[in-house]
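Undergrad: Can you keep this structure in mind? I'll have questions shortly.
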Ligand SMILES: C[S@@+](CC[C@H](N)C(=O)[O-])C[C@H]1O[C@@H](n2cnc3c(N)ncnc32)[C@H](O)[C@@H]1O
């Protein structure tokens with residue numbers, strides 16, 4: 001993956017955060033051209049409020065805020081280290097409420113738009129994330145395989161926070177072969 005500007009917050013973070021740390025949290029950044037494409041779709045609705053449930057350094061939220069001045073952004077980021085980088089990179093394009101917490105603790109607040117590149121993580125047996133599979137399954141009223149990837153849980157949970165009656169969501173995921181989890185999940189349509 002390349003970043004156009006070597007002095008971008010993403011490039012700076014990649015240069016200083018150890019690989020093992022990034023791997024633990026699935027910290028893979030959205031390339032700028034992809035972020036621009038996703039932001040363009042979301043910005044088309046001129047949302048007043050935006051949710052980024054996996055904020056990272058905020059490349060996605062910054063791209064939307066550049067197109068929709070004044071948008072109120074709420075972000076969730078579980079890793080304090082990258083959250084600090086995201087806060088520092090925020091340039092005052094809009095109001096940012098960045099919560100250093102798991103998205104799975106987020107209240108039921110609704111947003112006019114969602115933009116996300118969720119973490120691609122496999123929930124290990126007996127972990128909190130595995131318990132979250134059951135919790136999300138109960139919330140959506142559908143059974144989910146224990147192999148369901150965390151990114152899919154983000155997709156469902158984020159959808160449930162879109163404003164009633166509609167809203168725009170743009171969500172990307174890591175490229176590559178779809179894990180067996182997807183094929184085996186019984187997630188309905
Ligand atoms: C794939 S990266 C995307 C970062 C950024 N949004 C982007 O598009 O470049 C996923 C981010 O989600 C964070 N993350 C992982 N688990 C999380 C959780 N349960 N709640 C909130 N953020 C989480 C990771 O630390 C990481 O920064």
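The values are calculated or read from the model by the stated rules, or taken from the named source; none is laboratory data. Keep in mind it's a predicted model, so treat the numbers as computed, not measured. Counting neighbours? That spans all protein chains shown, and the Cβs are built from the backbone with ideal geometry, glycine included.
Undergrad: Of 87, 62, which residue is surrounded by 15 or more Cβ atoms within 10 Å (Cβ to Cβ) and away from the ligand (no atom under 12 Å from the Cβ)? Spell out the reasoning first.
TA: On the way: 62 fails: away from the ligand (no atom under 12 Å from the Cβ).
Within the list 87, 62, the selection yields 87.
Undergrad: Can you tell me which residues in the range 65-82 are in contact with a strand residue (DSSP E or B) (Cβ under 6 Å, 6 or more places away or on another chain) and either assigned to a helix (DSSP H, G or I) or within 11 Å of the ligand (Cβ to nearest atom) (or both)?
TA: Taking the range 65-82 and keeping what is in contact with a strand residue (DSSP E or B) (Cβ under 6 Å, 6 or more places away or on another chain), we get 71-76.
Passing the criteria: 75, 76.
Undergrad: Which is near the ligand (Cβ under 9 Å from one of its atoms) and closer than 19 Å to residue 153 by Cα, of 104, 111? Working first, answer last.
TA: Working: 111 fails: near the ligand (Cβ under 9 Å from one of its atoms).
Step by step, each of 104, 111 is checked, and only 104 is near the ligand (Cβ under 9 Å from one of its atoms) and closer than 19 Å to residue 153 by Cα.
Undergrad: State yes or no: is residue 144 part of a loop (DSSP other than H, G, I, E, B) and either within 16 Å of the ligand (Cβ to nearest atom) or over 12 Å from the mean Cα position of the chain (by Cα) (or both)?
TA: On the way: part of a loop (DSSP other than H, G, I, E, B): yes; either within 16 Å of the ligand (Cβ to nearest atom) or over 12 Å from the mean Cα position of the chain (by Cα) (or both): yes.
Against the criterion (part of a loop (DSSP other than H, G, I, E, B) and either within 16 Å of the ligand (Cβ to nearest atom) or over 12 Å from the mean Cα position of the chain (by Cα) (or both)), residue 144 qualifies.
Undergrad: Residue by residue through the range 130-148, note down the ones that are in contact (Cβ under 8 Å) with a residue 12 or more places away in the chain and within 23 Å of residue 111 (Cβ to Cβ).
TA: Those that are in contact (Cβ under 8 Å) with a residue 12 or more places away in the chain and within 23 Å of residue 111 (Cβ to Cβ): 132, 135, 136, 139, 140, 142.
Undergrad: Just to check your reading of the model, which residue among 80, 69, 107 is surrounded by fewer than 22 Cβ atoms within 10 Å (Cβ to Cβ) and at pLDDT below 95? Break it down into steps so the answer makes sense when it comes.
TA: Working: 80 fails: at pLDDT below 95; 107 fails: at pLDDT below 95.
Just one listed residue meets the conditions, 69.
Undergrad: State whether the residues of the range 92-100 include one that is surrounded by fewer than 19 Cβ atoms within 10 Å (Cβ to Cβ), farther than 23 Å from residue 128 by Cβ and within 13 Å of the ligand (Cβ to nearest atom).
TA: No.
Undergrad: Oh, and also: Within the range 1-58, work out how many residues are in a helix (DSSP H, G or I), more than 14 Å from the ligand (Cβ to nearest atom) and buried (at least 16 other Cβ atoms within 10 Å of the Cβ).
TA: Looking only at that region, the number is 1.
Undergrad: Are any residues in the range 153-166 in a helix (DSSP H, G or I) and either surrounded by fewer than 14 Cβ atoms within 10 Å (Cβ to Cβ) or in contact with a helix residue (DSSP H, G or I) (Cβ under 7 Å, 6 or more places away or on another chain) (or both), and if so, which ones? Show your work before the answer.
TA: Within the range 153-166, the subset in a helix (DSSP H, G or I) is 153-159.
Hits for the range 153-166 are 153, 154, 156, 157, 159.
Undergrad: Need the failing condition index for residue 96 against (1) touching a helix residue (DSSP H, G or I) at 6+ places or on another chain (Cβ under 7 Å); (2) at pLDDT 95 or above; (3) under 14 Å from residue 9 (Cβ atoms), just the number.
TA: Among (1) touching a helix residue (DSSP H, G or I) at 6+ places or on another chain (Cβ under 7 Å); (2) at pLDDT 95 or above; (3) under 14 Å from residue 9 (Cβ atoms), the lone unmet condition for residue 96 is (1).
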